[in-house]
1. Condition first: in contact (Cβ under 8 Å) with a residue 60 or more places away in the chain and assigned to a strand (DSSP E or B). Now tell me which residues in the range 207-246 satisfy that.
2. Quick one: count up the residues across the range 83-95 that are surrounded by fewer than 17 Cβ atoms within 10 Å (Cβ to Cβ) and part of a loop (DSSP other than H, G, I, E, B).
3. Taking strands (runs of 3 or more DSSP E) that fall entirely within the range 1-82, which contain at least 1 residues that are at pLDDT 85 or above and under 19 Å from the mean Cα position of the chain (by Cα)?
4. So, in the range 96-115, of the ones that are part of a loop (DSSP other than H, G, I, E, B) and touching a residue at least 40 places away in the same chain (Cβ under 8 Å), which residue ends up farthest from the chain's Cα centre (by Cα)?
5. Taking residue 215, is it in the same structural domain as residue 256 (by TED's automatic domain parsing) and either surrounded by fewer than 16 Cβ atoms within 10 Å (Cβ to Cβ) or over 19 Å from residue 259 (Cα atoms) (or both)?
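The values are calculated or read from the model by the stated rules, or taken from the named source; none is laboratory data. Note that this is a predicted model, so its numbers are computed, not measured. Methodologically, a virtual Cβ is constructed for each residue, glycine included, from the backbone with ideal geometry; neighbour enumeration extends over all protein chains shown.
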(Lines give C-alpha, C1' and ligand atoms only; values in the text may rest on other atoms or scores of the structure.)
Protein backbone atom coordinates (compact mmCIF):
# COMPACT_ATOMS: atom_id res chain seq x y z
CA UNK A 1 0.00 0.00 0.00
CA UNK A 2 1.40 3.39 -1.05
CA UNK A 3 2.22 5.69 1.85
CA UNK A 4 0.84 9.20 1.36
CA UNK A 5 3.37 11.78 2.60
CA UNK A 6 2.55 14.39 5.20
CA UNK A 7 3.14 18.11 5.15
CA UNK A 8 5.69 19.53 7.59
CA UNK A 9 3.93 22.86 7.29
CA UNK A 10 2.10 25.11 4.85
CA UNK A 11 1.38 28.75 4.27
CA UNK A 12 1.39 31.55 1.70
CA UNK A 13 4.42 32.83 -0.21
CA UNK A 14 4.64 35.73 -2.62
CA UNK A 15 5.74 34.71 -6.10
CA UNK A 16 5.77 37.07 -9.08
CA UNK A 17 3.55 39.43 -7.06
CA UNK A 18 0.99 36.68 -6.50
CA UNK A 19 0.25 35.08 -3.13
CA UNK A 20 0.33 31.30 -3.51
CA UNK A 21 -0.41 28.66 -0.92
CA UNK A 22 2.60 26.34 -0.55
CA UNK A 23 3.67 23.45 1.62
CA UNK A 24 6.85 21.60 2.49
CA UNK A 25 6.59 17.85 2.93
CA UNK A 26 8.39 16.11 5.77
CA UNK A 27 11.07 14.90 3.35
CA UNK A 28 11.75 18.49 2.27
CA UNK A 29 9.83 18.44 -1.02
CA UNK A 30 8.45 21.95 -1.74
CA UNK A 31 4.87 21.98 -3.03
CA UNK A 32 2.92 24.62 -4.98
CA UNK A 33 -0.86 24.90 -4.87
CA UNK A 34 -2.38 23.54 -8.09
CA UNK A 35 -5.17 26.05 -8.30
CA UNK A 36 -2.85 29.09 -8.22
CA UNK A 37 -0.48 27.95 -10.96
CA UNK A 38 -2.31 29.85 -13.70
CA UNK A 39 -2.28 33.02 -11.61
CA UNK A 40 1.46 32.73 -10.99
CA UNK A 41 1.97 32.53 -14.77
CA UNK A 42 -0.14 35.65 -15.30
CA UNK A 43 -2.99 33.79 -16.98
CA UNK A 44 -6.72 33.81 -16.31
CA UNK A 45 -8.78 30.65 -15.89
CA UNK A 46 -10.55 30.39 -19.23
CA UNK A 47 -10.89 27.74 -21.87
CA UNK A 48 -10.08 24.07 -21.65
CA UNK A 49 -6.92 22.14 -22.32
CA UNK A 50 -6.88 20.37 -25.68
CA UNK A 51 -4.64 17.67 -24.28
CA UNK A 52 -4.44 15.62 -21.10
CA UNK A 53 -2.14 18.28 -19.61
CA UNK A 54 -3.25 21.07 -17.25
CA UNK A 55 -4.55 24.25 -18.92
CA UNK A 56 -1.37 26.27 -18.35
CA UNK A 57 0.67 23.80 -20.41
CA UNK A 58 -2.08 22.10 -22.43
CA UNK A 59 -1.85 23.98 -25.74
CA UNK A 60 -0.98 21.77 -28.70
CA UNK A 61 1.90 23.99 -29.81
CA UNK A 62 3.67 23.43 -26.47
CA UNK A 63 3.59 19.65 -26.35
CA UNK A 64 6.79 18.96 -28.29
CA UNK A 65 8.73 21.10 -25.78
CA UNK A 66 7.61 19.16 -22.69
CA UNK A 67 10.44 16.96 -21.47
CA UNK A 68 9.84 13.60 -19.72
CA UNK A 69 10.82 14.93 -16.29
CA UNK A 70 8.19 17.69 -16.54
CA UNK A 71 5.63 15.20 -17.81
CA UNK A 72 6.19 13.18 -14.64
CA UNK A 73 5.83 16.20 -12.33
CA UNK A 74 2.57 17.22 -14.04
CA UNK A 75 0.95 14.18 -12.41
CA UNK A 76 1.04 16.11 -9.14
CA UNK A 77 1.69 15.05 -5.56
CA UNK A 78 -0.96 13.79 -3.17
CA UNK A 79 -0.26 14.55 0.50
CA UNK A 80 -1.85 15.21 3.86
CA UNK A 81 -1.95 18.83 4.99
CA UNK A 82 -2.90 18.19 8.59
CA UNK A 83 -5.86 15.80 8.33
CA UNK A 84 -6.88 17.04 4.88
CA UNK A 85 -5.89 15.00 1.82
CA UNK A 86 -4.92 17.34 -1.01
CA UNK A 87 -2.74 17.58 -4.10
CA UNK A 88 -0.16 20.01 -5.41
CA UNK A 89 2.85 20.23 -7.69
CA UNK A 90 6.49 19.72 -6.78
CA UNK A 91 7.77 23.32 -6.95
CA UNK A 92 10.53 22.29 -9.37
CA UNK A 93 7.76 22.25 -11.98
CA UNK A 94 7.74 26.04 -12.29
CA UNK A 95 11.24 26.57 -13.77
CA UNK A 96 10.52 23.66 -16.15
CA UNK A 97 7.31 25.33 -17.35
CA UNK A 98 9.24 28.55 -17.88
CA UNK A 99 11.70 26.60 -20.03
CA UNK A 100 8.86 25.21 -22.17
CA UNK A 101 7.62 28.71 -22.98
CA UNK A 102 11.17 29.93 -23.59
CA UNK A 103 11.93 27.08 -26.01
CA UNK A 104 8.60 27.48 -27.78
CA UNK A 105 9.19 31.21 -28.23
CA UNK A 106 12.68 30.60 -29.61
CA UNK A 107 11.15 28.15 -32.08
CA UNK A 108 8.66 30.84 -33.14
CA UNK A 109 5.54 28.79 -32.42
CA UNK A 110 3.86 30.84 -29.68
CA UNK A 111 0.54 32.50 -30.44
CA UNK A 112 0.04 36.21 -29.62
CA UNK A 113 -2.05 35.43 -26.53
CA UNK A 114 0.75 33.18 -25.21
CA UNK A 115 3.42 35.88 -25.41
CA UNK A 116 2.43 37.59 -22.12
CA UNK A 117 2.91 34.25 -20.36
CA UNK A 118 6.30 33.91 -22.04
CA UNK A 119 7.28 37.35 -20.66
CA UNK A 120 6.21 36.31 -17.15
CA UNK A 121 8.21 33.08 -17.50
CA UNK A 122 11.25 35.02 -18.70
CA UNK A 123 11.10 37.27 -15.63
CA UNK A 124 10.70 34.34 -13.26
CA UNK A 125 13.47 32.32 -14.93
CA UNK A 126 15.84 35.24 -14.35
CA UNK A 127 14.81 35.33 -10.70
CA UNK A 128 15.27 31.70 -9.73
CA UNK A 129 16.40 28.27 -10.82
CA UNK A 130 14.96 24.98 -9.57
CA UNK A 131 16.98 25.49 -6.40
CA UNK A 132 15.89 29.12 -6.18
CA UNK A 133 12.20 28.28 -5.93
CA UNK A 134 12.97 25.65 -3.28
CA UNK A 135 15.02 28.14 -1.27
CA UNK A 136 12.26 30.74 -1.58
CA UNK A 137 9.65 28.39 -0.14
CA UNK A 138 12.00 27.19 2.59
CA UNK A 139 12.77 30.76 3.60
CA UNK A 140 9.22 32.13 3.52
CA UNK A 141 7.77 29.16 5.41
CA UNK A 142 10.64 29.10 7.91
CA UNK A 143 11.54 25.49 7.13
CA UNK A 144 15.26 26.12 6.86
CA UNK A 145 15.92 28.35 9.84
CA UNK A 146 13.53 27.23 12.52
CA UNK A 147 12.02 23.78 12.16
CA UNK A 148 14.32 21.53 10.22
CA UNK A 149 18.06 21.78 10.98
CA UNK A 150 18.91 19.50 8.05
CA UNK A 151 17.01 21.56 5.50
CA UNK A 152 19.97 23.67 4.38
CA UNK A 153 22.14 20.58 4.05
CA UNK A 154 19.41 19.00 1.92
CA UNK A 155 19.39 22.10 -0.26
CA UNK A 156 23.15 22.01 -0.79
CA UNK A 157 23.02 18.25 -1.47
CA UNK A 158 20.46 18.84 -4.22
CA UNK A 159 23.16 20.61 -6.26
CA UNK A 160 25.44 17.59 -6.16
CA UNK A 161 25.61 14.58 -8.43
CA UNK A 162 25.52 11.20 -6.69
CA UNK A 163 27.96 9.94 -9.30
CA UNK A 164 30.56 12.20 -10.85
CA UNK A 165 29.68 12.74 -14.50
CA UNK A 166 32.15 12.13 -17.26
CA UNK A 167 33.78 15.34 -18.41
CA UNK A 168 31.65 17.47 -20.66
CA UNK A 169 32.33 20.98 -21.87
CA UNK A 170 30.17 23.34 -19.81
CA UNK A 171 31.97 26.67 -20.11
CA UNK A 172 31.37 28.13 -23.60
CA UNK A 173 34.13 29.67 -25.68
CA UNK A 174 32.21 32.95 -25.57
CA UNK A 175 32.86 33.22 -21.84
CA UNK A 176 36.62 33.01 -22.26
CA UNK A 177 36.59 35.24 -25.35
CA UNK A 178 34.95 37.97 -23.28
CA UNK A 179 37.29 37.37 -20.33
CA UNK A 180 40.30 37.69 -22.64
CA UNK A 181 38.88 40.96 -23.93
CA UNK A 182 38.25 42.71 -20.60
CA UNK A 183 41.62 41.56 -19.23
CA UNK A 184 43.39 42.76 -22.38
CA UNK A 185 44.83 39.30 -23.15
CA UNK A 186 45.53 37.68 -26.48
CA UNK A 187 43.12 34.83 -27.19
CA UNK A 188 43.77 32.06 -24.67
CA UNK A 189 43.10 28.33 -24.78
CA UNK A 190 42.53 25.72 -22.09
CA UNK A 191 46.29 25.12 -22.09
CA UNK A 192 47.48 28.66 -21.47
CA UNK A 193 44.80 30.47 -19.47
CA UNK A 194 46.18 32.45 -16.52
CA UNK A 195 45.63 31.22 -12.99
CA UNK A 196 43.41 34.18 -12.11
CA UNK A 197 40.79 32.94 -14.60
CA UNK A 198 40.13 30.06 -12.19
CA UNK A 199 39.64 32.59 -9.40
CA UNK A 200 37.25 34.52 -11.66
CA UNK A 201 35.13 31.39 -12.23
CA UNK A 202 35.04 30.60 -8.53
CA UNK A 203 33.94 34.13 -7.61
CA UNK A 204 31.39 34.83 -10.33
CA UNK A 205 30.10 31.38 -11.31
CA UNK A 206 30.19 29.23 -8.17
CA UNK A 207 30.24 31.51 -5.12
CA UNK A 208 26.79 33.05 -5.69
CA UNK A 209 25.03 29.75 -4.95
CA UNK A 210 23.73 29.63 -1.37
CA UNK A 211 26.27 32.27 -0.30
CA UNK A 212 29.26 30.10 -1.17
CA UNK A 213 28.08 26.93 0.58
CA UNK A 214 27.80 24.96 -2.68
CA UNK A 215 31.40 25.88 -3.57
CA UNK A 216 32.58 24.79 -0.12
CA UNK A 217 30.90 21.43 -0.64
CA UNK A 218 32.50 21.07 -4.08
CA UNK A 219 35.93 21.82 -2.59
CA UNK A 220 35.33 19.07 -0.02
CA UNK A 221 34.15 16.52 -2.54
CA UNK A 222 36.73 17.44 -5.17
CA UNK A 223 39.80 18.51 -3.16
CA UNK A 224 43.14 19.67 -4.54
CA UNK A 225 46.02 17.22 -4.58
CA UNK A 226 49.47 18.07 -3.23
CA UNK A 227 50.31 19.27 -6.74
CA UNK A 228 47.40 21.69 -6.67
CA UNK A 229 45.25 19.79 -9.18
CA UNK A 230 41.81 18.28 -8.76
CA UNK A 231 40.59 14.81 -9.73
CA UNK A 232 37.73 16.26 -11.77
CA UNK A 233 36.26 19.58 -12.78
CA UNK A 234 33.87 21.07 -10.26
CA UNK A 235 30.92 21.12 -12.66
CA UNK A 236 31.22 17.37 -13.23
CA UNK A 237 30.16 16.89 -9.61
CA UNK A 238 26.91 18.80 -10.05
CA UNK A 239 23.50 17.19 -10.40
CA UNK A 240 21.77 17.12 -13.79
CA UNK A 241 18.47 18.19 -12.25
CA UNK A 242 19.53 21.22 -10.21
CA UNK A 243 23.25 21.93 -10.02
CA UNK A 244 24.07 22.06 -13.72
CA UNK A 245 21.04 24.12 -14.82
CA UNK A 246 21.83 26.62 -12.07
CA UNK A 247 25.46 26.93 -13.18
CA UNK A 248 24.53 27.22 -16.87
CA UNK A 249 22.12 30.03 -16.07
CA UNK A 250 24.79 31.78 -14.02
CA UNK A 251 27.37 31.43 -16.81
CA UNK A 252 25.15 33.26 -19.29
CA UNK A 253 24.39 36.03 -16.81
CA UNK A 254 28.14 36.52 -16.44
CA UNK A 255 28.57 36.49 -20.23
CA UNK A 256 25.84 39.13 -20.52
CA UNK A 257 27.64 41.35 -18.00
CA UNK A 258 30.96 40.83 -19.78
CA UNK A 259 29.55 41.78 -23.18
CA UNK A 260 28.45 45.22 -22.01
CA UNK A 261 31.70 45.92 -20.17
CA UNK A 262 34.87 47.49 -21.57
CA UNK A 263 37.02 46.89 -18.48
CA UNK A 264 37.20 44.60 -15.48
CA UNK A 265 35.96 47.38 -13.20
CA UNK A 266 32.93 48.04 -15.38
CA UNK A 267 32.24 44.31 -15.47
CA UNK A 268 32.21 44.21 -11.67
CA UNK A 269 29.70 47.08 -11.61
CA UNK A 270 27.51 45.55 -14.32
CA UNK A 271 27.64 42.14 -12.68
CA UNK A 272 26.60 43.66 -9.33
CA UNK A 273 23.67 45.40 -10.99
CA UNK A 274 22.49 42.18 -12.65
CA UNK A 275 22.75 40.30 -9.35
CA UNK A 276 20.96 43.02 -7.40
CA UNK A 277 24.05 43.93 -5.38
CA UNK A 278 25.47 47.31 -4.46
CA UNK A 279 27.79 48.83 -7.04
CA UNK A 280 29.89 51.93 -7.60
CA UNK A 281 28.13 54.24 -10.09
CA UNK A 282 30.26 55.57 -12.92
CA UNK A 283 30.03 58.78 -14.98
CA UNK A 284 28.31 56.71 -17.67
CA UNK A 285 25.39 55.79 -15.40
CA UNK A 286 22.29 57.90 -15.75
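1. Correct list: 238 only.
2. Initially, the range 83-95 is screened for residues surrounded by fewer than 17 Cβ atoms within 10 Å (Cβ to Cβ), giving 83-85, 87.
Going one step further and asking which of them are part of a loop (DSSP other than H, G, I, E, B), we end up with 83.
Number satisfying all stated conditions: 1.
3. On the way: elements: 7-15, 18-25, 30-33, 77-81.
It comes to 18-25, 30-33.
4. So the residue we want is 111.
5. Values: in the same structural domain as residue 256 (by TED's automatic domain parsing): yes; either surrounded by fewer than 16 Cβ atoms within 10 Å (Cβ to Cβ) or over 19 Å from residue 259 (Cα atoms) (or both): yes.
So residue 215 passes the test.
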